[in-house]
Amino acid sequence: MLKGRDLLSIHELSVDEVHEIIDFAAELKAMQKAGVPHRFLEGKTLGMIFEKSSTRTRVSFEVGIYQLGGMGLFLSNRDLQLGRGEPIKDTARVLSRYLDGIMIRTFGQERIEELAKYADIPVINGLSDLLHPCQVLTDLLTIREHKGKNFRALKMAYVGDGNNMTNSYLYGAAKVGMTLSVATPVEYKMSAEVFENAQTDAQESGAELTWTENPAEAVKDADIVVTDTWASMGQESEHDARKKIFAPYQVNNELLKNASKSAIVMHCLPAYRGEEITDEVFENNAHVIFDEAENRLHTQKAIMALTMAN
Ligand code: CP
Ligand code: NVA
């Protein structure tokens with residue numbers, strides 16, 4: 001039961017709950033496409049705290065809550081007293097008196113955990129430096145649409161920086177039993193703690209989770225190849241240095257020769273063509289990548305409806 005719960009990390013969800021979110025997202029998508037009303041959150045409000053930029057997360061949450069019959073409030077830390085130093089634990093208790101749910105995008109995962117600890121309404125992680133659960137749940141829906149429901153038969157390869165996306169892919173793959181091979185430079189691996197937790201989940205699901213320094217090895221026979229920016233939000237000053245370090249990790253046609261012939265390439269966006277992905281590979285996979293972007297809407301509607309409905 002997700003009702004009343006927070007969604008801070010895929011690791012905290014049961015296997016059934018992960019499937020429940022994806023299944024419900026697919027149902028909501030079908031309902032929306034068929035013009036069937038689905039106002040599960042009539043009169044409810046979601047506060048959306050942004051301490052970092054966003055296009056997809058902001059728009060899909062705001063449109064999503066509206067389509068569910070509720071309303072979203074965009075709360076930038078530039079305007080909130082939070083940005084002037086009001087403690088997050090006070091903000092949490094105040095907002096809990098007005099709202100029915102909070103989505104937060106910020107830097108440290110501990111800020112989200114602190115918010116959730118003091119809020120008595122559901123808190124949804126809209127990205128932290130450590131995790132991006134809404135995006136990876138979305139990606140699982142997108143994989144299901146393009147590659148079928150049998151995650152256990154699929155291999156994903158993640159190539160690039162060991163970041164919030166990598167960490168959440170590890171948690172997601174571990175839950176659904178999908179093979180995931182991660183390739184990053186040694187100095188830019190995923191979180192060691194996340195890898196250990198994911199391995200524990202993987203024992204139950206049978207997922208095979210591996211790391212290598214070698215992108216070609218990770219991509220070998222992969223059904224899905226994913227990458228993400230080499231410099232995440234907050235790392236802008238490292239961009240030039242990272243461009244040199246990550247150059248061998250570009251997802252290009254040469255690297256894709258190692259993948260399955262029918263492999264799809266995914267990207268959570270925003271993408272930096274000529275860096276982590278070539279323009280050609282991006283455009284060849286644009287149909288998948290923009291389904292992935294669209295699916296943020298359906299997946300987050302599922303998350304909001306399951307956690308926030310009466
Ligand atoms: N993928 C994603 O979270 O995009 P935004 O940063 O635009 O929200
Ligand atoms: N790793 C990226 C994801 C953006 C959606 C970042 O944190 O900036």
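We did not get these values from a lab; they are worked out from the coordinates using the rules stated. What you are looking at is a predicted structure, and each value in this text was computed from that prediction instead of being measured. When we count neighbours, we look across all protein chains shown, and the Cβ atoms used for this are built from the backbone with ideal geometry, even at glycine.
Okay, here's what the table says:
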{"item": "Extension gain, residue 244 back to residue 287 (0.36 nm per residue minus Cα-Cα distance, nm)", "result": "12.5 nm"}
{"item": "Fluctuation leader among 15, 251, 186 - the chain, Gaussian network, Cα springs under 10 angstrom", "result": "186"}
{"item": "Label-point separation, residue 236 to residue 33 (7 Å along Cα→Cβ), nm", "result": "3.8"}
{"item": "Built amide H within the under 5 Å cut-off of residue 265, gap 5+", "result": "225"}
{"item": "Centroid-to-centroid separation of segment 265-307 and segment 85-102 [C-alpha atoms, Å]", "result": "31"}
{"item": "GNM top mover of 132, 267, 38 - the chain, alpha-carbon springs below 10 Å", "result": "38"}
{"item": "Sites residue 84 and residue 208 - FRET efficiency at Förster radius 45 Å, r taken between beta-carbons, to 0.05", "result": "0.40"}
{"item": "By average C-beta atoms within 10 angstrom, highest first, the peptides 239-248, 74-83, 286-295", "result": "286-295, 74-83, 239-248"}
{"item": "Cβ-Cβ FRET estimate between residue 76 and residue 280, R0 fixed at 41 Å, reported to 0.05", "result": "0.65"}
{"item": "Dipole magnitude of the chain, debye to nearest 20 (Cβ charges: Lys/Arg +1, Asp/Glu -1, about Cα centre)", "result": "740"}
{"item": "Calculated from backbone phi, Karplus (6.51, -1.76, 1.60) coupling profile of segment 70-79 in Hz, x at Gly/Pro", "result": "x, 9, x, 10, 7, 10, 7, 5, 6, 9"}
{"item": "Helix-only mean residue ellipticity at 222 nm for the chain, each DSSP H run of n ≥ 4 adding -39500 (n - 2.57), per residue, nearest 500", "result": "-14000 deg cm²/dmol"}
{"item": "Under-5 Å amide H pairs with residue 101, H placed in peptide plane, nonlocal only", "result": "45, 47"}
{"item": "Note, ³J(HN,Hα) from phi for segment 223-228, Karplus 6.51, -1.76, 1.60, rounded to Hz, x at Gly and Pro", "result": "8, 9, 10, 10, 8, 8"}
{"item": "Rg over Rh [alpha-carbon atoms, Kirkwood Rh] for the chain", "result": "0.96"}
{"item": "In Å, descending, principal axis extents of the Cα set of segment 147-250", "result": "40, 27, 21"}
{"item": "Sum of side-chain charges, residue 14 neighbourhood, beta-carbon under 13 Å (Lys, Arg +1; Asp, Glu -1)", "result": "-4"}
{"item": "Pairs beyond 31 Å (Cα-Cα), from 189/220; 3/149; 89/301; 117/220; 189/261", "result": "117/220"}
{"item": "Candidates 116, 259, 271, ranked by Gaussian network fluctuation over the chain, Cα under 10 Å, top entry", "result": "271"}
{"item": "Rounded to whole Hz, the Karplus (6.51, -1.76, 1.60) HN-Hα couplings of segment 10-20, x for glycine and proline", "result": "5, 4, 7, 8, 7, 4, 4, 5, 4, 5, 4"}
{"item": "Projected label distance in nm at residue 153 and residue 94, using a 7 Å step from Cα toward the beta-carbon", "result": "5.4"}
{"item": "Anisotropy class of segment 219-310 from Cα gyration tensor, a/c 1.5 cut", "result": "oblate"}
